[in-house]
Amino acid sequence: MRRSKPAAREARAQVTSRREPLDVVPDVRDGLTRLERVVLATLRACQVELGGRAVPTAMLYGRVLEQLDVSQPELQQVLIRLGARQPPDGSRR
């Protein structure tokens, strides 16, 4: 079920308001937010666990969710911001 744009904005505002103020401010050392840092560290750990293979988004989401309260759309936005892309054939993982 897709939300309307105002509803999606409101949901993002609620998620952001649940976070600590410093969690959404990029770090001056590398420009990453706490969520982005957790996603990258979790992604690396999953890649090592899978022997260097691509990590399914569902697996990554579950592992990130163990550490932070994050919505699926919010994780997708972070992955896009970090440069994630879909496979060349357009299929979903």
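Observations, loosely collected:
- In a fully extended conformation the segment linking residue 81 and residue 54 would gain 7.9 nm over its present Cα-Cα distance, using 0.36 nm per residue.
- Packing, taken as the mean count of other beta carbons within 10 Å per residue, orders the peptides 23-31, 56-64 from highest to lowest as 56-64, 23-31.
Read the figures in this text as sums done on the coordinates, not as results from a lab. This is a predicted model, so every value here is computed, not measured. Note that each Cβ is placed from the backbone with ideal geometry, even for glycine, and that neighbours are counted across all protein chains shown.
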